[in-house]
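The values are calculated or read from the model by the stated rules, or taken from the named source; none is laboratory data. Since the structure is predicted, the reported quantities are computational estimates derived from the model, not experimental observations. Counting neighbours? That spans all protein chains shown, and the Cβs are built from the backbone with ideal geometry, glycine included. Areas reflect the complete protein model, heavy atoms only, side chains present, ligands, DNA and RNA absent. Shrake-Rupley method; radii C 1.70, N 1.55, O 1.52, S 1.80 Å.
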Amino acid sequence: MSSLKTKYLEFPDIKIAYHEHGEGPNLILLHGNSGSKFLFKNYQLKHFKDFHTFAIDSRGHGQSRSVDDRYSIEQYSCDV
């Protein structure tokens, strides 16, 4: 199975990790609490072949990093 290279968006207070794959309409894949972008690898490579997918590690999860000690749905929404 192919691998997905982790890419990063860096801002002063946060570093967001994500996997990008495919071509077609954009599809953003968001994990649940305590999850990570790695949950979507099989979907990105096999099931969503007709989409340009972005699997994102939310701040404080997976390989994303932030300076926050608390998180909110509003923060996550702004990040996306």
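Points to keep in mind about this one:
- Scanning segment 36-77 for residues that are out of contact with any Ser or Thr (no Cβ under 9 Å at 6 or more places or on another chain), closer than 16 Å to Glu10 by Cβ and aliphatic (A, V, I, L, M) yields one hit, Val67.
- Unique residue being loosely packed, with under 14 Cβ neighbours inside 10 Å, in contact with a His (Cβ under 8 Å, 6 or more places away or on another chain) and at pLDDT below 95 when the list is Ser72, Ser34: Ser34
- Residue check for Val80: in contact with a Ser or Thr (Cβ under 9 Å, 6 or more places away or on another chain), closer than 17 Å to Tyr8 by Cα, open to solvent by 50 Å² or more (accessible area, probe 1.4 Å) and among the aliphatic types (A, V, I, L, M): yes
- Ile28 being modelled with pLDDT of 95 or more, β-branched (Val, Ile, Thr) and open to solvent by 80 Å² or more (accessible area, probe 1.4 Å): yes
- Residue satisfying condition, being without any contact (Cβ under 8 Å) to a residue 60 or more places away in the chain and touching a Pro at 6+ places or on another chain (Cβ under 8 Å), within set His47, His52: His52
- Residue, surrounded by the most Cβ atoms within 10 Å (Cβ to Cβ), within segment 12-25, restricted to residues that are farther than 13 Å from His61 by Cβ and in contact with a strand residue (DSSP E or B) (Cβ under 9 Å, 6 or more places away or on another chain): His19
- Any chance Arg65 is crowded, with 18+ Cβ neighbours inside 10 Å, of a type in the set (Lys, Arg) and without any contact (Cβ under 8 Å) to a residue 60 or more places away in the chain: no
- Sub-9 Å Cβ pairs linking a first residue in segment 9-28 that is at negative phi to a second residue that is small (Gly, Ala, Ser) and surrounded by fewer than 16 Cβ atoms within 10 Å (Cβ to Cβ), at least 6 apart or interchain, are His21/Ser2, ordered by first then second residue.
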